[in-house]
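Notes follow the structure.
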Amino acid sequence: MTKVVGSMHDDDLVIVGAGPYGLSVAAHAAARGLDVRVFGQVMRSWDRMPPGMLLKSEPWASDLSDPGGAYGLAAYAATRGVRAEHGVPLPVSFFAEYGAWFARRAVPAAVDPRAVAAVHPRPDGRFAVVTEDGEVFGARTVALAVGVMPFVDVPAELRPLMPHGVTHSSHHTDLARFAGRDVTVVGAGQAALETAVLLTEVGAHARVVARAGRLTWNTVPPSLHRGRWEAARAPHTGLGCGWRNLLYARTPGLFRRLPATTRERLFDTALGPAGAWWLRHRFESVPDVRLGRTVVAAEPASTGGARVRLTLAATGSPDGEPTVLETDHVIAATGFTPRLDRAHMLSAELRDELRTLGTSGAPVTSAHFESSHPGLFLAGLLTAPSYGPAMRFVYGAGYTAARLVSGVERRLRAPGLPEVRDVRETRDVPGARPPAEGGVQDGTEAASRH
């Protein structure tokens, strides 16, 4: 049963989520004088990662965003007597503490730790935001910044054995419970490789199974202070070195103007699975690595038993001779898929109304991160298929926060603004719904786990 807040006041902006993107949006909105409310446990997913995990991104590329740039990671590190140095990875727990420090200083209103159960559109064009305990708040605009957890992806073959025989890597706060047990990790990215290392280091027998025929490792980052020629050949960016990464990092607005099919392809292939350079020597301790193998079946190893029997086939050759192995537990480090139908905190009515990008299932967003429903803004992973790889990392929070809040201000000044229009979707995607008549076409705006 829901209960309506005593005052009927509608906040200018309600932010759903208190991770790097939600807090950054809140800091920019508060600085602009907006009436802001934030829901969610501060840095919850970061605070729940297993001990020993390290940030993959460089410290200077891991800042949350406030308009004055006063509350970066280096500023917090200085308060702790720590140097945030290029090429020196920081613990994820340290980053989570930084996020809490940022929230206390850059977000004037206290963050409400309750989760949001539902966001409903109201007949007057505003929103009703319902918390997990049934309290209802009014909002003129809403920003959905829910991070990655709603979008956990587990291969279909493994899902029937969840949660006892199979879990996702993001579900674990401590891997010590697997000491002495046989654990199979599925995946080839940083989450998979680091999970396997940490399992080995707590005394588990870890195994990695990956479709890829070989593992990819990031190289040691070059010095920030290089000669002009070296810097020009491979410029530093918040997403790694190189000109392509520079385009992804600096021009998300340009990425958004690419044809929908191109964006989908780049989202699927850019910055693919890779392990951090500092993990490579530790990974040598993992005793069993099976590459070029795909899980084609999974079942309980015995009636009523806790073990799992996996059937593996050569990647790309499902008709070849399979191999079978038994394991105590499977951890799927298989990433996240930003599909709108997984954003269950949005009412079904609202989800069904939103336009999506091609076959990706991700929502279309305007140049100010507004969805096709006026007043509903999106931030973080959900926008990566539109804005590119930067939105998969903390680095994208700065670009997002400033432009999203600008869009909120435009919406508040003109509540009757027509629905956002993205003409490329109908031109590039067969069968896409045509945009609403009188829509607005925005112009160009050029400008991670880790």
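The values are calculated or read from the model by the stated rules, or taken from the named source; none is laboratory data. These numbers come from a predicted model, not from an experiment. Glycine gets a Cβ as well: all are built from the backbone with ideal geometry, and neighbour counts include every protein chain shown. Heavy atoms of the whole protein, side chains included, go into the accessibility calculation; ligands, DNA and RNA do not. Shrake-Rupley method; radii C 1.70, N 1.55, O 1.52, S 1.80 Å.
Note on region 95-130: among residues that are within 20 Å of the chain's Cα centre (by Cα) and within 14 Å of residue 20 (Cβ to Cβ), the one that is most open to solvent (accessible area, probe 1.4 Å) is 97.
Out of all the residues in region 68-80, which are in a helix (DSSP H, G or I) and either surrounded by 19 or more Cβ atoms within 10 Å (Cβ to Cβ) or not polar (S, T, N, Q) (or both)? 73, 74, 75, 76, 77, 78, listed by residue number.
A quick yes/no check of all residues on (1) open to solvent by less than 20 Å² (accessible area, probe 1.4 Å); (2) among the hydroxyl-bearing types (Ser, Thr, Tyr); (3) touching a His at 6+ places or on another chain (Cβ under 7 Å); (4) at pLDDT below 95:
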site: 269; (1), (2), (3), (4): no, yes, no, yes
site: 272; (1), (2), (3), (4): no, no, no, yes
site: 285; (1), (2), (3), (4): no, yes, no, no
site: 290; (1), (2), (3), (4): no, no, no, no
site: 314; (1), (2), (3), (4): no, no, no, yes
site: 359; (1), (2), (3), (4): no, yes, no, yes
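Determine which member of the set 49, 43 is in contact with a helix residue (DSSP H, G or I) (Cβ under 6 Å, 6 or more places away or on another chain) and either hydroxyl-bearing (Ser, Thr, Tyr) or on the phi > 0 side of the Ramachandran plot (or both).
Details: 49 fails: either hydroxyl-bearing (Ser, Thr, Tyr) or on the phi > 0 side of the Ramachandran plot (or both).
The match here is 43.
Going through region 188-211 one residue at a time, which ones are charged (D, E, K, R) and farther than 17 Å from residue 292 by Cα? If you could, list the steps in order and put the result at the bottom.
If we filter region 188-211 for residues that are charged (D, E, K, R), which is where we start, we get 194, 201, 207, 211.
If the condition is that a residue be charged (D, E, K, R) and farther than 17 Å from residue 292 by Cα, then 194, 201 are the ones that fit.
In this structure, is residue 83 at pLDDT 95 or above, open to solvent by 20 Å² or more (accessible area, probe 1.4 Å), farther than 23 Å from residue 171 by Cα and not β-branched (Val, Ile, Thr)? No. Of all the criteria given as (1) out of contact with any Phe, Trp or Tyr (no Cβ under 8 Å at 6 or more places or on another chain); (2) closer than 30 Å to residue 192 by Cα; (3) assigned to a helix (DSSP H, G or I), the one not satisfied by residue 49 is (3). Residue 277 fulfils the conditions (1) open to solvent by 60 Å² or more (accessible area, probe 1.4 Å); (2) at pLDDT below 90; (3) of a type in the set (A, V, I, L, M, F, W, C) except for a single criterion, (2).
Say whether the condition of being more than 28 Å from residue 191 (Cα to Cα), open to solvent by less than 20 Å² (accessible area, probe 1.4 Å), among the hydrophobic types (A, V, I, L, M, F, W, C) and modelled with pLDDT of 95 or more is met by at least one residue in region 382-405. Don't jump to the end; show me each part of the working.
Just the residues of region 382-405 that are more than 28 Å from residue 191 (Cα to Cα), to begin with: 402-405.
Remaining after also requiring open to solvent by less than 20 Å² (accessible area, probe 1.4 Å): 404-405.
Retained after the next criterion (residues that are among the hydrophobic types (A, V, I, L, M, F, W, C)): 404-405.
Narrowing the set further to residues that are modelled with pLDDT of 95 or more leaves 404-405.
Within region 382-405 (the criterion being more than 28 Å from residue 191 (Cα to Cα), open to solvent by less than 20 Å² (accessible area, probe 1.4 Å), among the hydrophobic types (A, V, I, L, M, F, W, C) and modelled with pLDDT of 95 or more), the answer is yes, since at least one residue qualifies.
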